[in-house]
Amino acid sequence: MDIPRIFNIMESAHRIHNPFTPEKFATLGEALRLDSGTSVLDLGSGSGEMLCTWARDYKIVGTGVDMSRLFSKQAKLRAEELGVADRIRFIHDDAAGYVTDEKVGIAACVGATWIGGGVAGTIELLSKSLIADGIILVGEPYWRQLPPTEDVAKGCFANSISDYLTLPKLLTSFGDLGYDVVEMVLANQDGWDRYEAAKWLTMRQWLEANPNDDLSEVVREKLSSEPERYTSYTREYMGWGVFALMAR
């Protein structure tokens with residue numbers, strides 16, 4: 001069980017697999033007023049940076065679940081590096097359908113809402129692991145400005161313009177699902193650059209080390225096309241944020 005290999009290659013040097021920076025995760029932890037001992041579930045936890053740094057800085061405890069073998073291994077190493085392996089555990093598993101045995105104070109899916117078939121399904125899944133007055137965290141893209149054509153939307157790796165909402169409509173949609181938005185922290189363009197542009201050096205170094213690999217042509221095509229695609233489309237049209245929700 002694993003994610004497609006191309007993503008493991010492109011993001012193998014990433015600690016954060018979305019447009020957030022370490023400073024943004026610190027801001028989010030502070031905004032949530034995390035107490036020592038708060039239990040956190042993170043579905044699609046990637047390389048574990050959110051859980052590990054929150055365990056170090058705010059003394060939370062938690063569990064991360066991710067399908068990538070590489071990212072799960074990196075998460076465990078990061079927990080050991082930061083001295084929090086006794087507070088945080090990482091499970092290599094499919095996060096879709098994962099529910100904890102014991103309810104948690106915060107249930108998060110920060111950038112992987114496909115595990116629930118979209119935002120609504122992911123919120124429903126997270127709610128099954130949450131205490132009555134707990135907080136759900138959802139990381140989700142939105143349109144900074146609506147693409148003028150469907151082709152521009154596809155340049156942002158959306159299937160269509162309707163795949164995402166503008167920020168006001170996204171916030172309204174949480175209310176329609178029966179949740180109050182109680183906090184949000186939004187990525188900025190520097191965060192987007194660090195997420196996307198960092199892939200380019202990783203791909204170049206991978207190509208030099210693996211010239212005869214079966215995926216070398218795919219990686220070469222991506223390295224050649226991604227800088228222009230990203231700066232033409234994603235960087236101009238897409239936003240991303242983490243939204244804290246509480247059931248009404």
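The values are calculated or read from the model by the stated rules, or taken from the named source; none is laboratory data. This structure is a prediction, so every number in the text was calculated from the model and none was measured. Here the Cβ is made from the backbone with ideal geometry for all residues, glycine too, and neighbour counts use every protein chain on show. To get the accessible areas, we keep the full protein, side chains included, count just its heavy atoms, and leave off ligands, DNA and RNA. Shrake-Rupley method; radii C 1.70, N 1.55, O 1.52, S 1.80 Å.
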Residue by residue through segment 1-60, note down the ones that are among the acidic types (Asp, Glu), in contact with a strand residue (DSSP E or B) (Cβ under 9 Å, 6 or more places away or on another chain) and without any contact (Cβ under 8 Å) to a residue 40 or more places away in the chain.
-> ASP35
Quickly run through segment 88-144 and pick out the residues that are touching a Lys or Arg at 6+ places or on another chain (Cβ under 9 Å), among the polar types (S, T, N, Q) and within 27 Å of LEU167 (Cα to Cα).
-> SER129
Taking segment 132-148, which residues are under 17 Å from MET246 (Cα atoms) and surrounded by 16 or more Cβ atoms within 10 Å (Cβ to Cβ)?
-> GLY134, ILE135, ILE136, LEU137, VAL138, GLY139, GLU140
Take the residues in segment 193-248 that are under 30 Å from ILE136 (Cβ atoms) and of a type in the set (A, V, I, L, M), then tell me which one is farthest from the chain's Cα centre (by Cα).
-> ALA247
Across segment 137-167, what is the total count of residues that are over 18 Å from the mean Cα position of the chain (by Cα) and closer than 23 Å to SER127 by Cα?
-> 0
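Hey, does segment 7-19 have a residue that's among the charged types (D, E, K, R) and more than 15 Å from the chain's Cα centre (by Cα)? Spell out how you get there, then give the answer.
Within segment 7-19, the subset among the charged types (D, E, K, R) is 11, 15.
Next, only the ones that are more than 15 Å from the chain's Cα centre (by Cα) stay: none.
Looking for residues that are among the charged types (D, E, K, R) and more than 15 Å from the chain's Cα centre (by Cα), one finds none in segment 7-19, hence no.
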In segment 110-136, anything outside any loop (DSSP other than H, G, I, E, B) and within 15 Å of VAL65 (Cα to Cα) is listed as VAL110, THR113, TRP114, ILE115, GLY116, THR122, LEU125, LEU126
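Out of all the residues in segment 103-111, is one or more at pLDDT below 95 and either under 21 Å from MET246 (Cα atoms) or not small (Gly, Ala, Ser) (or both)?
Step one: filter segment 103-111 for residues at pLDDT below 95, giving 111.
Okay, now just the ones that are also either under 21 Å from MET246 (Cα atoms) or not small (Gly, Ala, Ser) (or both), so 111.
Yes, there is a match, as at least one residue in segment 103-111 is at pLDDT below 95 and either under 21 Å from MET246 (Cα atoms) or not small (Gly, Ala, Ser) (or both).
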Looking only at residues in segment 115-131 that are under 14 Å from SER39 (Cβ atoms) and more than 15 Å from the chain's Cα centre (by Cα), which one is least open to solvent (accessible area, probe 1.4 Å)?
-> SER129
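Where in segment 1-109 are there helices (runs of 4 or more DSSP H), lying fully within it, with 3 or more residues that are open to solvent by 40 Å² or more (accessible area, probe 1.4 Å) and on the phi < 0 side of the Ramachandran plot?
On the way: elements: 5-10, 22-31, 49-58, 69-81.
In segment 1-109, the matching helices (runs of 4 or more DSSP H) lie at 22-31, 49-58, 69-81.
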From the option list ALA112, ALA96, single residue qualifying as hydrophobic (A, V, I, L, M, F, W, C), over 17 Å from THR38 (Cβ atoms) and free of Cβ contacts under 8 Å to residues at least 60 places away in the same chain is ALA96
